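Asker: Take this structure, written in C-alpha cells, and hold onto it; I'll ask about it next.
The values are calculated or read from the model by the stated rules, or taken from the named source; none is laboratory data. Given the structure is predicted, the values throughout are model-derived calculations rather than measurements. Every residue, glycine among them, receives a Cβ derived from its backbone with ideal geometry; neighbour counts consider all protein chains shown.
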Amino acid sequence: MFLSLGLGLVGLWGARVLAHALVLKGLRAPRVAALIRPESLGLAAQPVDIPGPNGKTLFAWFVPAPGASKTPAVLVMHGWGANASMMLPSAAPLVDAGLAVLLLDARCHGASGDEAFTSLPRFAQDIEAGLDWLARQAQVDAARLAVIGHSVGAGAALLSATRRPDICAVVSISAFAHPYEVMRRLLAVHHIPYFGVGWYVLHHVQHVIGARFDDIAPIHSMSLVRCPVLLVHGEEDEMVPFDDARRLLAAGQQGRVQLLAVPGRHDLSEALAIEQSQVLAYLQKQFNLCGRA
C-alpha cells in the first residue's frame, strides 16, 4: 500500500513539474527579429537602452519631434510575439504631427532583456519604465504623455493607466476583454478539456504570473482607468471578437471612453493607415486638455 501511495505521489509531483514547465513555455513569446529599421521609413530614431524591472534592460527606438522642445510624447507598445520594429509605421504620422515617440520592446521580445516568462502585468511594468524614461528627457513635456498599445500591449496600457496619473490618454488597439476568455479559447483550439486539465492550467498560470485574471483584465481596468481612452477595434477581428470592444466601452466611465470601429482584422496595420487622422486628432485633443489642466 505504501509503495502504491509513494508511486502515486511521485507521479503527481512529476505531472505538476511537467505542467509548470509547459506553462512557462506557453508564457514565453517567440522572439522575432526586427523586420525593418527606422531609417527605411525616413525616421531619425535613436536606439536607447532603458533600465527595466528586475534589473533587465529594455530596448527602444526614440524619435524626438524635429526642431522642437518640450513636446508631448507617445509610448507605443507592441503585442504578444511582436516587437518595436513592427510598430514603426505608426511613428511617422505621430512625429509629423509634432509628437515625440518611444517604440518599446517588452521583455522577452525584440532586443530587450530576457526573463523566465512574460505576461500582461510585465508588459505594464515595461510601459511604466518607458514612461519614467520619457519623463526625464529634456525635449519631452512630462505632463503630456500618452500610450498606444496593441493587443496584450493594449491591455497592459489600460492596466498602467489605472495607477499612473501622468498618462493623458490611451489608444487601445484590438484589446481583449478578459484573459480568462482568451485562455479558454486557446484551450479549445488545442483540444484541451477545461474540466480537470484546463482548470489546473489556468489556475497555475495565475500563480506563476502573480496576479488573478480578474484583477488584470482590461474590462476591470476600464472601470478604474484615470484618463480618456480610445478603443480601436477591427470589425473582422478573428482573434478577439469585436464584441470585446463593445464590452470595454460599456465598462468605462461614461464620457471618457470612445470606440472607433474600423474595417480590418487583429493587426489593423492597413486600417490604421487609413484611420490615422482620427487617432491623431484624438491625441492632440487630449494633449491640449492636459496642457490646460
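Asker: Of all residues being of a type in the set (Gly, Ala, Ser) and out of contact with any helix residue (DSSP H, G or I) (no Cβ under 7 Å at 6 or more places or on another chain) in the range 43-59, which is modelled with the highest pLDDT? Just the residue, please.
Answerer: Only one residue tops the list, namely Gly55.
Asker: So, in the range 135-156, of the ones that are hydrophobic (A, V, I, L, M, F, W, C) and surrounded by 24 or more Cβ atoms within 10 Å (Cβ to Cβ), which residue ends up nearest to Ala124 (Cα to Cα)?
Answerer: Ala156
Asker: Quick one: is Asp132 in a helix (DSSP H, G or I) and either within 25 Å of Leu35 (Cα to Cα) or of a type in the set (A, V, I, L, M) (or both)? Walk me through how you get there before you give the answer.
Answerer: Working: in a helix (DSSP H, G or I): yes; either within 25 Å of Leu35 (Cα to Cα) or of a type in the set (A, V, I, L, M) (or both): no.
Spelling it out, it is not the case that Asp132 is in a helix (DSSP H, G or I) and either within 25 Å of Leu35 (Cα to Cα) or of a type in the set (A, V, I, L, M) (or both).
Asker: Being outside any helix (DSSP H, G or I) and either within 17 Å of the chain's Cα centre (by Cα) or surrounded by 21 or more Cβ atoms within 10 Å (Cβ to Cβ) (or both), is that true of even one residue in the range 83-96?
Answerer: The answer is yes; a qualifying residue exists.
Asker: On the basis of being out of contact with any Phe, Trp or Tyr (no Cβ under 6 Å at 6 or more places or on another chain), farther than 30 Å from Phe117 by Cα and free of Cβ contacts under 8 Å to residues at least 60 places away in the same chain, does Val262 make the cut?
Answerer: Against the criterion (out of contact with any Phe, Trp or Tyr (no Cβ under 6 Å at 6 or more places or on another chain), farther than 30 Å from Phe117 by Cα and free of Cβ contacts under 8 Å to residues at least 60 places away in the same chain), Val262 qualifies.
Asker: Give me the residue from the range 251-276 that is in a helix (DSSP H, G or I) and in contact with a helix residue (DSSP H, G or I) (Cβ under 8 Å, 6 or more places away or on another chain) and, out of that set, modelled with the highest pLDDT. Show your work before the answer.
Answerer: To start, the set of residues in the range 251-276 that are in a helix (DSSP H, G or I) comprises 251, 269-276.
Imposing the further condition that a residue be in contact with a helix residue (DSSP H, G or I) (Cβ under 8 Å, 6 or more places away or on another chain) reduces the set to 251, 269, 272-273, 276.
Numbers: Ala251: 94, Ser269: 67, Leu272: 63, Ala273: 63, Gln276: 82.
If we take residues in the range 251-276 being in a helix (DSSP H, G or I) and in contact with a helix residue (DSSP H, G or I) (Cβ under 8 Å, 6 or more places away or on another chain), then Ala251 is modelled with the highest pLDDT.
Asker: Across the range 36-52, what is the number of residues that are touching a residue at least 24 places away in the same chain (Cβ under 8 Å), in a loop (DSSP other than H, G, I, E, B) and either within 20 Å of Leu75 (Cβ to Cβ) or of a type in the set (Phe, Trp, Tyr) (or both)? Steps first, answer last, please.
Answerer: Quick first cut of the range 36-52, residues touching a residue at least 24 places away in the same chain (Cβ under 8 Å) only: 36-38, 41-43, 45, 48, 50-52.
Now restrict to residues that are in a loop (DSSP other than H, G, I, E, B): 36-37, 42-43, 45, 52.
So of that shortlist, the ones also either within 20 Å of Leu75 (Cβ to Cβ) or of a type in the set (Phe, Trp, Tyr) (or both) come out as 36-37, 43, 45, 52.
The total comes to 5.
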